[in-house]
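Colleague: The structure's right below; bear with me while I get my questions together.
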């Protein structure tokens with residue numbers, strides 16, 4: 001999983017580029033990111049409840065923020 005996936009997801013989410021966000025959802029190796037994007041896009045396109053759309057949007061942004069702070073442990077080679 002590369003940080004650029006998170007950067008792309010954040011950019012596309014903030015600027016409303018849903019087609020490009022869908023491409024990130026399909027291509028990313030992060031299953032959780034993919035699921036959060038799927039839930040948001042599903043709510044955006046099919047839900048009539050504005051609070052559900054906002055909640056899934058916020059959950060996606062919170063996850064992206066959390067994942068971008070994560071730094072994997074350095075693996076030492078012997």
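Colleague: Working from Cα positions, state the angle (0 to 90°, nearest 10) between the long axis of helix 50-69 and the longest principal axis of the chain.
Modeller: 10
Colleague: Using only DSSP helix segments of four residues or longer, with each worth -39500 (n - 2.57), what per-residue ellipticity at 222 nm results for the chain after dividing by its residue count and rounding to 500?
Modeller: So the calculated ellipticity at 222 nm is -24500 deg cm²/dmol.
Colleague: I would also like to ask the following. What FRET efficiency comes out for residue 65 versus residue 35 if R0 is 25 angstrom and r is the Cβ-Cβ distance? Round to the nearest 0.05.
Modeller: 0.95
Colleague: May I ask for the angle, rounded to the nearest 10°, between helix 18-27 and the longest principal axis of the chain, with both axes built from Cα atoms and the value confined to 0 to 90°?
Modeller: Tilt of helix 18-27: around 40 degrees.
Colleague: Here's something else I'd like to know. Once the Cα atoms of helix 3-15 and of the chain are each reduced to a long axis, what angle between those two axes, in degrees from 0 to 90 to the nearest 10, is obtained?
Modeller: 20
Colleague: Return a whole-number percent for the relative contact order of the chain, with Cα pairs under 8 Å and 6 or more residues apart as the contact set.
Modeller: That works out to 28 percent.
Colleague: OK, next. If the elastic network links every pair of Cα atoms under 10 Å, which of 14, 60, 41 fluctuates the most in the Gaussian network model of the chain?
Modeller: In this elastic network of the chain, the residue with the biggest mean-square fluctuation among 14, 60, 41 is 14.
We did not get these values from a lab; they are worked out from the coordinates using the rules stated. The shown structure was predicted, so the numbers you read here are calculated from the model rather than taken from an experiment. Positions of Cβ are generated from backbone atoms using ideal geometry, with glycine treated the same way; all protein chains shown enter the neighbour counts.
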